Amino acid sequence: MKKLCLSILASLALTLGLVSQVQADEYLRIGMEAAYAPFNWTQDDDSNGAVKIDGTNQYANGYDVQIAKKIAKDLGKEPLVVKTKWEGLVPALTSGKIDMIIAGMSPTAERKQEIAFSSSYYTSEPVLLVKKDSAYANAKSLEDFSGAKITSQQGVYLYDLISQISGAKKETAMGDFAQMRQALEAGVIDAYVSERPEALTAESANAKFKMIQPQPGFKTGEEDTAIAIGLRKDDSRISQINTSIETISKDEQVALMDRMIKEQPVEATTEEESSFFSQVAKILSENWQQLLRGAGITLLISIIGTITGLIIGLAIGVFRTAPLSENKVIYGLQKLLGWILNVYIEIFRGTPMIVQSMVIYYGTAQAFGINLDRTLAAIFIVSINTGAYMTEIVRGGILAVDKGQFEAATALGMTHNQTMRKVVLPQVVRNILPATGNEFVINIKDTSVLNVISVVELYFSGNTVATQTYQYFQTFTIIAVIYFVLTFTVTRILRFIERRMDMDTYTTGANQMQTEDLK
């Protein structure tokens, strides 16, 4: 039976390996945000030549996607978009999660130290986006923005251009353009630096926005305004890609961009907007399936991660409270393993889950060539993170048990494992149930950080909807309500379990007292 199981596992591993190889040979995996229209965006169908987004039932389209389709065709591949947060694009490329970056990225000197770039496939023009009713709506030059609160996207050359505006207040860079549009509409910032196609898109999508093209404009270098394809430095296909790009003339680039601006799915807002609740209802009615899938992934990761973390915590807690052996070899092994476990606990309790996600998902692929499925990686990350916290919770629960019970168990001839299994752990599980429930609730909320490794959980799904509808406050109100419903439901279920356990304990104790009275 053991040999049979090993054979099945080996065959399964070989099959998965062959499937992965076939997929790697068949598809050209393109990394992009799919949230930076008109360069790239997310849509629900394959209209206008959209490309499938990996791991979802959605599609990506835009200028970058059309360029990706041409590159893939010339390389004899099928394009497949891997939707990735901007800050995760370079790690995804260097770790082999994607084959190339086509996401409106400029070949700056800093990026060239990490990855290679193709020839330029578009030249951008930096502009500013403001609100129509703001004090800067009639600005003509950069000097007119003196005193304005201005920002741009983190990690792009646009943010550095703010320094050219004398007297401007350079606000903290933001993660993506969706956040900037939301901040601009809310009045948190006065303007943000963008590229002309994106600003035109935002202006047409929201009647409150206005694009400003200052004259004279920003001073930029060719490496800043050029848009190129990012590749690994050892990718030998760069000459083929450059040849493919050279077949697209400047006029064709402009025509393609103009077409993409027209074809992007924009729900333009007007001055006479419908009520807030009707907007929320419309978003929910049109996107409930997508949000439900995201909530399902969030629950799946949270449940498995919490249960696995509890098991890890119980196992380590039992080990750390075990008496040290008198055998020198076993004693040494106990001390060594105890030191390793302490390092594990301190590292995972002392670092944010978002950092752990980046290191584990991208780092393992880059350092060891281990290509983890993103959902399995998410479950693993949440599990070991939860395990580190549960270990200390379990240890505290064990130490809270009266020492007399340990002594009584020892007097009865029970081993440490028997004492733990039959006497201590049943009490510990009940005592730590509130803390375990708290970890569960935290995990439901903390899965939102897993969007950095492109896990399609609730926050990821909600952010996608927001970038499609341009109604950020309305969309995230829905997301907040869903998170609250999930956490509130979990809390009530756990409190019900606690009451049942307390009732069972009380009933058992009462029955024992009755039995003793009868005797």
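The values are calculated or read from the model by the stated rules, or taken from the named source; none is laboratory data. Predicted model, so just to flag it, every value in this text is computed and none were measured. Here Cβ is always computed from backbone atoms with ideal geometry, including for glycine, and neighbour counts include all displayed protein chains. Ligands, DNA and RNA are excluded from the accessible area calculation, which covers all protein heavy atoms including side chains. Shrake-Rupley method; radii C 1.70, N 1.55, O 1.52, S 1.80 Å.
Just one residue in the set ASP235, ASP224 is open to solvent by less than 40 Å² (accessible area, probe 1.4 Å) and either part of a loop (DSSP other than H, G, I, E, B) or touching a Gly at 6+ places or on another chain (Cβ under 8 Å) (or both); that residue is ASP235. Does SER194 satisfy being among the small types (Gly, Ala, Ser) and open to solvent by 20 Å² or more (accessible area, probe 1.4 Å)? Spelling it out, it is not the case that SER194 is among the small types (Gly, Ala, Ser) and open to solvent by 20 Å² or more (accessible area, probe 1.4 Å).
Remark: ARG430 falls outside the filter, which requires a residue to be free of Cβ contacts under 8 Å to residues at least 24 places away in the same chain, under 30 Å from ILE493 (Cα atoms) and basic (Lys, Arg). Within the stretch 12-29, is even one residue on the phi > 0 side of the Ramachandran plot, at pLDDT 90 or above and surrounded by 11 or more Cβ atoms within 10 Å (Cβ to Cβ)? Looking through the stretch 12-29, none of the residues is on the phi > 0 side of the Ramachandran plot, at pLDDT 90 or above and surrounded by 11 or more Cβ atoms within 10 Å (Cβ to Cβ). Considering each of LYS328, LYS282 in turn, give the residue that is without any contact (Cβ under 8 Å) to a residue 60 or more places away in the chain, within 27 Å of the chain's Cα centre (by Cα) and open to solvent by 80 Å² or more (accessible area, probe 1.4 Å). Result: LYS282 is the single residue among LYS328, LYS282 that is without any contact (Cβ under 8 Å) to a residue 60 or more places away in the chain, within 27 Å of the chain's Cα centre (by Cα) and open to solvent by 80 Å² or more (accessible area, probe 1.4 Å). Tell me yes or no: at least one residue of the stretch 191-214 is part of a loop (DSSP other than H, G, I, E, B), of a type in the set (A, V, I, L, M, F, W, C) and either outside the structural domain of TYR136 (by the TED database) or more than 30 Å from LEU75 (Cβ to Cβ) (or both). Looking through the stretch 191-214, at least one residue is part of a loop (DSSP other than H, G, I, E, B), of a type in the set (A, V, I, L, M, F, W, C) and either outside the structural domain of TYR136 (by the TED database) or more than 30 Å from LEU75 (Cβ to Cβ) (or both).
Quick one: in the stretch 95-109, of everything that is within 21 Å of TYR157 (Cα to Cα) and of a type in the set (A, V, I, L, M), which residue is most open to solvent (accessible area, probe 1.4 Å)? Per the stated criteria, the residue is ALA109.
The rows are residues; the columns are (1) β-branched (Val, Ile, Thr); (2) open to solvent by less than 30 Å² (accessible area, probe 1.4 Å).
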residue: GLU78; (1), (2): no, no
residue: LEU89; (1), (2): no, yes
residue: LEU93; (1), (2): no, yes
residue: VAL130; (1), (2): yes, yes
residue: ALA137; (1), (2): no, yes
residue: TYR157; (1), (2): no, yes
residue: GLY167; (1), (2): no, no
residue: MET180; (1), (2): no, yes
residue: LEU184; (1), (2): no, yes
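Selection over the stretch 455-492 of residues that are more than 21 Å from ILE379 (Cβ to Cβ) and among the hydrophobic types (A, V, I, L, M, F, W, C) gives a count of 11. Please work out which residue is surrounded by the fewest Cβ atoms within 10 Å (Cβ to Cβ), limiting yourself to the stretch 238-267 and to residues that are of a type outside the set (Val, Ile, Thr) and not in a helix (DSSP H, G or I). Result: SER249. Within the stretch 389-404, residues that are within 19 Å of VAL343 (Cβ to Cβ) and in contact (Cβ under 8 Å) with a residue 60 or more places away in the chain have Cβ atoms under 9 Å from residues that are outside any helix (DSSP H, G or I) and not hydroxyl-bearing (Ser, Thr, Tyr) in these pairs: MET390/ILE432; ILE393/ILE432; VAL394/ILE432, counting only partners at least 6 apart in sequence or on another chain. Sort through ILE360, ILE393 and tell me the only one that's at pLDDT 85 or above and closer than 23 Å to ARG320 by Cβ. Unique residue meeting the criteria: ILE393. Tallying residues that are among the hydroxyl-bearing types (Ser, Thr, Tyr) and not in a helix (DSSP H, G or I) within the stretch 141-190 yields 6.
For the stretch 358-385, filtered to residues that are polar (S, T, N, Q) and open to solvent by 50 Å² or more (accessible area, probe 1.4 Å), the residue that is farthest from GLY309 (Cα to Cα) is GLN366.
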